[in-house]
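Participant: Can you read through this structure? Questions will come right after.
Rule-based calculations on the coordinates, nothing more; no lab input. Here the structure is a predicted model, which means the values were calculated and not measured. All Cβ positions, even for glycine, are placed from backbone atoms using ideal geometry, and neighbour counts span all protein chains on display.
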Amino acid sequence: MKPPRDIPADLLNEFTLNNRIAVQYRYIDNTSFIDNHKFYNRRDIDDYIDKIRKGETFYYGRTDNFLRQAFTQFPIKNKRIGIIGSQKPLYESFVLAYHGIPITIEYHKIETDDNRLSLLTVEEFEKNPQQFDAVLSISSIEHDGLGRYGDPINPEGDF
């Protein structure tokens, strides 16, 4: 489902907190990320793990380095780490590189051939909630509720 070009009229007051927040119109449609079948294969994950252990950074370079520092200072070995939102298995690989247990929650189904990953849809998680030792979200929660990635339109989606 494509995101709406305008805020639905019946939700405008909720999105703007009764007009206390100004609207800046900018249309972004990232539903192409979900149009294709999403599959995380073990070979790519192992490649990411090797690069992570060598100190390479990716799209969010400073964030990647911060995450390395955090996982070194606060070890996650055998800890259940929730990952909120995922477009590729990069942060799952970070968790694996530091010997944690990644559990991903995403709106759309992701399949894998890697038994180290647990990949849940939001619906699956809501039917069977779990607890985590820590939760990781890199540029995901702030998008929830806008429809940008095919998620439901919801003024409180980020909550």
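Participant: With a sphere of radius 15 Å drawn around the Cβ of Leu90, what net charge do the other residues whose Cβ falls strictly inside it have (Lys, Arg +1; Asp, Glu -1)?
Facilitator: Summing Lys/Arg as +1 and Asp/Glu as -1 gives +1.
Participant: If you take the Cα Rg of the chain and divide it by 2.2 N^0.38 Å, with N the number of residues, what do you get?
Facilitator: Compactness ratio reported: 1.14.
Participant: So for each of 76-89, 3-16 I average, over its residues, the number of other beta carbons within 10 Å; can you give me the resulting order with the highest mean first?
Facilitator: 76-89, 3-16
Participant: May I pose another question? Thr112's amide H: which non-local residues (gap 5+, or another chain) put their own amide H closer than 5 Å, with H modeled 1.01 Å from N in plane and none for Pro or chain starts?
Facilitator: Tyr40
Participant: Can you compute the charge dipole magnitude of the chain about its Cα centre, using +1 on each Lys and Arg Cβ and -1 on each Asp and Glu Cβ, nothing else charged? Give it in debye, rounded to the nearest 20.
Facilitator: In debye, rounded to 20, the chain gives about 600.
Participant: What number comes out for the charge environment of Glu14, summing +1 per Lys or Arg and -1 per Asp or Glu over other residues with Cβ under 15 Å away?
Facilitator: -4
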